[in-house]
Amino acid sequence: MCRDVRVLIGGIVLVACMGCMGGKEGERAGPPPTESSSGAVKLSEKAQRQLGVEWQKPAKRTVQAVMSLTGRLELPPGREIVVKSPLTGYLAARDEQPAQVLGAHVQQRQTLQRVMAFLTPTELAQLVAVKEETDIAIEQSLVSMKLAEEQLAKASAALDAISGTRLNDLKEIIGRSKVAYDESKQKLRFLPREPYDGELLMRPVMVESPLGGRITAIHVSEPQFVFQGDPLWTVADWSALWVRVPVFETDLSRVLAMSPAHVAVPGRSTIAAAAVKAPQATNARLRTVDLLYLLPNPDEELRPGQSARVEIPVGTSAERLLVTRSALLWDGNGNAWVYVRAGGGSFRRQLVELGQTDGDDIVIARGLNEDDEVVTTAAQALYGEEFKGLISAKDND
């Protein structure tokens, strides 16, 4: 009953207002209302300037026909390497270099960490014995060289009393002693250091990265005992990725095999990818063949495993109509629309069928003529003007 009373009061107020307007016919407060109908909107020139409405005819140019498919990003072969321990021992961090962290960038041949060799007591005793023998060989070589050099100096001063054969023997002794000395010095790099009363100091083995890239996995912590061949770190180079695109066997003959494809990843602009000449076997279950394209990724924002929309060139090129992305509108059903200038300040909303992308433009497969003037700026504003009159106040009851 209360609702009926409110309706009655509203009718009385409306009649009173109409009576007042009858006394001032043709006068309205504020700007004139927007005239609109289903799929059309009409604006004054002032309103168009305020909204910033601009229009132009669709561009017409030759565009290569493409087939739009879904691909997957992956690492090319050889772009990911697992760094393994070269020997059995303890992974020890250097004081001047912190432990490697996940995601860190490393250069090729960069030292990652060091491994301290683990030796049994028997092996340590053998190394100590070899070390002592090497020290003795070095000392003997020095003594032999010193004596031979002294005798050679005296013999050279008395050439008339000493035969040439003796001089050659002394020179040979000096040469052999020098070779023995040099070889023994080289052995010391791989032998324990003195003194032996405490922990034997062995020269650590430096582990280097065979590949420049990013550390994507850490398999050890410091200090940790590792066996020879245990994985330490995984290094991957993401500067270039492969795009694997499955194509049905029946469509393979239409594909321009060595032409570049265009890859679109969500949140990124379209990137050109070069074709990779790597024959792939047919997937017997799906009846598809994988095509591969090399995608540059210098900033490493793309990741292996991501999916992407790939436009593969097929057939021949032809003239197409194109509009800029800013001209397109989408409804709740996924349909694409544009506003076309109809004259007299009117704009009609036109349903269009889209084709492939070409940079910042999109091909219009159907729905437009080349003489149509398409709104390229403020299309969203026109969409709001068209439907703002349909918004009704909601009853709070």
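The values are calculated or read from the model by the stated rules, or taken from the named source; none is laboratory data. Everything numeric here is computed off the predicted structure, so don't read it as measured data. FYI the Cβ positions are ideal-geometry reconstructions off the backbone, even for glycines, and counts take in every protein chain you see. These accessible areas exclude ligands, DNA and RNA; they are computed on the full protein's heavy atoms, side chains included. Shrake-Rupley method; radii C 1.70, N 1.55, O 1.52, S 1.80 Å.
Close amide H pairs (under 5 Å, H built 1.01 Å from N) link Thr88 with Phe118, Gln228, residues at least 5 positions away or on another chain. When the Cα atoms of segment 224-329 are aligned to their principal axes, the ranges along those axes come out at 67, 39, 23 Å in descending order.
With a threshold of 23 Å on the Cα-Cα distance, the over-threshold entries among Lys146/Lys185; Lys154/Lys178; Lys84/Lys277 are Lys84/Lys277.
Computed from label points 7 Å out along Cα-Cβ, the spacing between Leu256 and Lys185 is 6.7 nm. Rounded to the nearest whole Hz, the Karplus-based 3J(HN,Hα) values (6.51 cos²θ - 1.76 cosθ + 1.60, θ = phi - 60°) of segment 347-359 follow the sequence 9, 9, 8, 10, 6, 10, 10, 8, x, 7, 8, 9, x, with x at glycine and proline.
Counting only lysines at least 8 places from Lys388 when in the same chain, those with an alpha carbon closer than 21 Å to its own are Lys42, Lys46.
For segment 204-281, the solvent-accessible area of protein heavy atoms averages 50 Å² per residue (probe radius 1.4 Å; ligands and nucleic acids excluded). Amide H contacts for His219 (H built 1.01 Å from N in the peptide plane; partners 5 or more residues away or on another chain; cut-off under 5 Å): Trp233, Thr234.
Close amide H pairs (under 5 Å, H built 1.01 Å from N) link Ala104 with Ile215, residues at least 5 positions away or on another chain. Between the beta carbons of Met206 and Thr122, assuming R0 = 22 Å, the FRET efficiency works out to 0.25 to the nearest 0.05.
Sequentially through segment 268-279, phi angles give Karplus couplings (6.51, -1.76, 1.60; θ = phi - 60°) of 10, 6, 5, 10, 7, 10, 7, 5, 10, 7, 9, x Hz, Gly and Pro residues having no value and appearing as x. Phi angles across segment 100-117 convert, under the Karplus curve 6.51 cos²θ - 1.76 cosθ + 1.60 with θ = phi - 60°, into 3J(HN,Hα) values of 5, 10, 5, x, 5, 8, 10, 9, 5, 6, 6, 6, 8, 7, 10, 10, 8, 5 Hz, Gly and Pro given as x.
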